[in-house]
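Novice: My questions all concern the structure below.
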Amino acid sequence: MSPSRRRALLYLAAVLFGGATTFYSIVWMYYAPQSGATRIGAEFTYSLASGALRVTRVVPGRNAEQAALRAGDEILLINNAKLDTLTPYYEAVGRGNTGDTVTFLVRRPGEVSLRVVPVVLESPLPLEMYRNLTPSRMAAIRLMMSYPILFLVVGMAVLFLKVEDRNAWLLAVFFASFIAIPDLPPGLFPRELRAFIMTYHVVLANLAGAALYGFLAVFPAASPLDRRAPWLKWIFLAGGGISIVMGLWALAAANTYDTFWLPLEYGGPSWVNHSVHLLGNVLGLGAETLAVVSLVLNSFRAVTPEAQRKARVIVWGLACGLLPIVMLGMVVSLTGGRFQEIPFWPYAFCVLALFLLPLSFAYAVVKHRVMEIPLLLRRSARYVLVQRGFVVLMLIVAASAIGIFTHVFSRLVHADTNTGMALSAVFGIVLVWSSAPLVKRGTVSIDRAFFRSAYDSRIILNDLAEKTRTVGDRQQLAMLLELHVTQALHPKTLACYLESGNGWLAAVSGTFPAMLETLAASAPVLIELAGRGKPWEVPSGSTGTDELAALAPLAPECLVPILGRENKLIGLLVLGQRLSEEPYSSEDKHLLGSVAAHAGIALENIRLAETMAERMEADRRTAQEMEIARQVQARLFPQKLPAMKTLEYSGACIQARKVGGDYYDFLELRPGRLALVLADIAGKGVSGALLMANLQANLRSQYAMAVDDLPRLLASVNRLFYESTDDASYATLFFADYDDTSRKLRYANCGHLPPLLLRAGGSSTEQVSETPKIERLRSTCTVMGLFEAWRCEVAEVQLAPCDTLILYTDGITEATNSAGEEFGESHLLDTLGSHSHLPVRSLLQTVVGAVQQFSDEQQDDITLVIARCLG
């Protein structure tokens with residue numbers, strides 16, 4: 001059978017079993033309050049041989065005694081109806097009204113004549129415990145009659161949570177059998193329900209001993225008795241089966257004669273019946289006794305301390321839950337009395353004590369780690385007096401104050417009720433508000449005086465949460481966490497893991513094996529832990545599972561995640577078992593969660609500070625490297641100007657960043673021959689500077705051939721630039737060869753902005769109107785570096801004395817102001833015209849200054865070369 005099919009069948013069986021138990025419990029709770037002793041004050045058996053009721057006991061002081069019924073009398077007729085079945089009895093006695101007279105035809109031993117005995121029916125609840133039903137008694141009775149609820153809820157909850165666990169089924173069957181043990185009232189429930197109710201009662205009640213032993217023999221661990229004699233479980237189960245068979249046979253006979261809940265006299269050898277009943281009683285008592293023995297042995301000799309603690313919790317539950325009712329039964333048996341004659345409150349106390357039984361079982365089964373009973377009581381007392389004492393005391397104070405004030409106010413001032421209640425409410429609120437600090441201090445004093453250890457732990461962990469804010473590095477944070485958590489909770493082991501980068505957590509402090517110096521934050525158990533977002537108490541025995549196998553060497557008892565932004569796991573505290581072997585309480589985990597939250601903030605701040613420091617250091621290194629690059633690039637520009645007789649010239653490059661992609665140069669081709677070079681690389685910053693250096697190196701390594709063959713020089717430079725750059729890199733370039741003797745200027749414009757040649761005598765107005773006094777040296781070929789097949793043409797122009805040549809890049813004409821206007825060629829010509837009288841160097845500085853003043857922020861490199869022919 002496949003696991004899924006098996007699980008489905010188990011769930012179906014659990015649903016059917018739970019439904020039957022729930023239905024039986026509802027029927028029992030509905031009819032049980034209507035039960036009582038027989039309504040005529042006598043008890044009977046029914047004789048199959050004679051078809052008569054035999055009186056077995058007459059209750060002193062009751063109506064049967066007053067009517068002169070005696071033990072041993074046989075009732076042959078009830079209201080003139082024969083007793084072939086007991087239907088006449090149920091109709092006349094069970095369903096009769098109080099005060100009705102029922103007539104019995106009685107045959108008394110030793111008498112020949114028959115007697116007619118009239119008996120008046122009593123109240124259906126004549127028991128001592130039901131007399132004088134005050135509100136407190138009524139509440140206690142209702143609570144007593146609802147006792148199956150707790151057994152039902154605990155048993156079914158455990159069963160459905162662990163439907164594949166054999167122990168869960170044993171516990172559910174035991175609790176169901178405990179529900180089935182008490183009798184139901186005779187003749188009160190409908191005939192249609194009798195078969196189911198009686199069958200359930202017979203089967204489950206007779207399995208009680210076997211189920212109890214089967215469960216306690218193996219839970220919380222196999223007991224020494226079960227390890228030595230595992231076959232005992234089957235012996236008790238067989239005994240329960242025999243009792244069930246006998247009970248079902250008796251049930252069949254009772255159904256035939258309608259004698260439910262009245263003992264039958266079957267006839268035949270009495271020793272057979274006695275032997276069967278004795279065997280059932282011996283087996284049941286033996287199973288219950290050995291179950292307790294197994295439990296006690298487990299509480300001292302279980303294989304693990306946790307199993308011992310769970311066994312001791314159940315021992316306490318059995319002792320406190322069952323001993324009162326058992327001792328009461330012994331007293332009743334020894335005194336020859338009946339449960340119905342017991343005073344109300346002793347009986348109620350014994351029944352209500354049974355509630356401890358499912359509570360102790362539930363605590364032991366559901367909780368992964370349990371506390372010793374003294375510790376559990378101490379923690380419960382602290383919870384009531386300290387953790388919830390403030391609220392409880394405030395409610396008591398408010399209720400008392402409102403009650404007193406209302407009473408006094410109503411006596412002194414004759415006001416209407418609504419006014420009195422309103423003033424009382426105001427008084428209570430004021431009193432609560434004013435007394436809150438006093439009550440708060442009182443609970444703190446109680447905590448400090450009577451629960452010092454827990455109080456100290458809370459103070460230490462709260463102090464730790466504050467101190468985590470001031471730590472400056474990871475090591476300091478880890479040491480602080482280890483020190484304070486150890487002082488507060490005293491774990492046997494503690495390991496602190498903090499984020500180390502690349503998705504790993506590194507052990508920073510604490511105790512950890514060498515193999516677990518690092519943990520992968522992507523491990524499934526850590527992902528689940530981050531999803532929980534709070535401390536997790538590791539279930540006992542679960543470290544052997546696949547999910548927790550990686551952490552098994554740390555012996556984890558409690559895992560505390562430290563989360564950063566977006567619930568990312570950036571740290572982990574692994575706490576082992578406490579030295580006191582106590583489990584971590586909910587308050588402990590709440591405080592650890594608070595500490596982890598503050599530690600997460602501290603780690604984020606540390607990481608931010610580290611990132612800022614790294615960035616600042618990187619920026620410092622970058623700035624230093626950029627300064628070096630700037631100095632290197634500055635050395636690439638002309639350091640000295642070759643002397644020329646007929647030409648005054650100057651150049652400047654003001655970069656938008658530390659380094660840039662603009663380039664100018666003055667190359668002495670031979671004596672009397674000067675090359676004026678201006679280039680603009682596509683790109684700024686470091687990338688532009690690198691391309692500029694590449695172009696400069698290519699040009700300077702070959703510029704000597706420019707005298708004889710300028711196109712070949714530029715073609716070679718283009719080829720080298722094309723081969724050493726990517727497809728998107730290119731440069732515009734203007735290369736001019738000036739002859740100092742002839743004043744001729746040969747040039748090649750490779751896609752660059754046309755240089756301006758201002759002829760002597762030109763004015764700014766003439767320039768703007770493009771008079772012949774302004775010439776533009778337009779492109780003779782395309783840009784460099786984009787095409788491998790590249791050709792260049794050379795043009796020539798004759799310069800005259802006082803002619804001025806201006807080479808510039810787009811950083812001048814495309815400079816913009818705050819209104820988005822460009823400096824443009826017109827502003828450049830205006831500036832040149834207005835200051836044409838200045839020497840070349842001064843004129844260059846004036847133009848650069850005008851551009852910088854025009855633009856709010858320099859966006860591009862500003863490069864300018866000015867050359868003027870001397871007269």
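Novice: For Arg5, Arg62, write out the residues from largest to smallest accessible area, computed with a 1.4 angstrom probe and no ligands counted.
Specialist: Listed by decreasing accessible area, they come as Arg5, Arg62.
Novice: Further question on the same structure: Could you give P(r) for the stretch 506-593, binned at 10 Å from zero, as whole percent values over all Cα-Cα pairs?
Specialist: Values per bin, smallest distances first: 16, 53, 30, 1.
Novice: Let me ask something additional. Based on the Cβ-Cβ distance from Thr611 to His835, what FRET efficiency comes out when R0 is 45 Å, to the nearest 0.05?
Specialist: Approximately 0.30, to the nearest 0.05.
Novice: Distance from the Cα centre of the stretch 700-731 to that of the stretch 498-520, in angstrom?
Specialist: Taking the Cα centre of each part, the stretch 700-731 and the stretch 498-520 sit 58 Å apart.
Novice: Given charges of +1 on the Cβ of Lys and Arg and -1 on the Cβ of Asp and Glu, with all other atoms neutral, how large is the dipole of the stretch 69-123 about its Cα centre, in debye to the nearest 20? Mind dumping the intermediate values first?
Specialist: On the way: 6 positive and 7 negative charges, 27 e Å.
It works out to roughly 120 debye.
Novice: Cross-link list Lys640/Lys773; Lys162/Lys492; Lys233/Lys310; Lys162/Lys568: which exceed 27 angstrom alpha carbon to alpha carbon?
Specialist: Checking Cα-Cα distances, Lys640/Lys773; Lys162/Lys492; Lys162/Lys568 exceed 27 Å.
Novice: Let me ask something else. What number comes out for the charge environment of Ser299, summing +1 per Lys or Arg and -1 per Asp or Glu over other residues with Cβ under 10 Å away?
Specialist: Local charge sum for Ser299: +4.
Novice: So how do Glu566, Glu627 rank on accessible area, 1.4 Å probe, biggest first, that is with the largest at the start?
Specialist: Descending order: Glu566, Glu627.
Novice: Right, next: Report the local net charge at Leu786: Lys and Arg +1, Asp and Glu -1, summed over other residues whose C-beta lies under 15 Å from its C-beta.
Specialist: Within the 15 Å Cβ shell, the charges total -3.
Novice: Now a separate question. Could you work out the equivalent-ellipsoid semi-axes for the stretch 631-747, taking the square root of 5 times each eigenvalue of the Cα gyration tensor, largest first, in whole Å?
Specialist: One finds semi-axes of 25, 18, 10 Å for the stretch 631-747.
Novice: Measuring from centroid to centroid over Cα atoms, what is the spacing of the stretch 562-585 and the stretch 81-113 in Å?
Specialist: Rounded to whole Å, the Cα centres lie 74 Å apart.
Novice: Taking R0 as 25 Å, what's the FRET efficiency between Ala523 and His590 from their Cβ-Cβ distance, rounded to 0.05? Please list the in-between numbers first.
Specialist: Details: r = 25 Å, r/R0 = 1.02.
The pair Ala523/His590 has a calculated efficiency of 0.45.
The values are calculated or read from the model by the stated rules, or taken from the named source; none is laboratory data. All figures in this text were calculated on a predicted structure; none of them were measured in a lab. Backbone-built Cβ (ideal geometry, glycine too); neighbour counts: all protein chains shown. Protein only, heavy atoms only, side chains kept; ligands, DNA and RNA dropped before computing areas. Shrake-Rupley method; radii C 1.70, N 1.55, O 1.52, S 1.80 Å.
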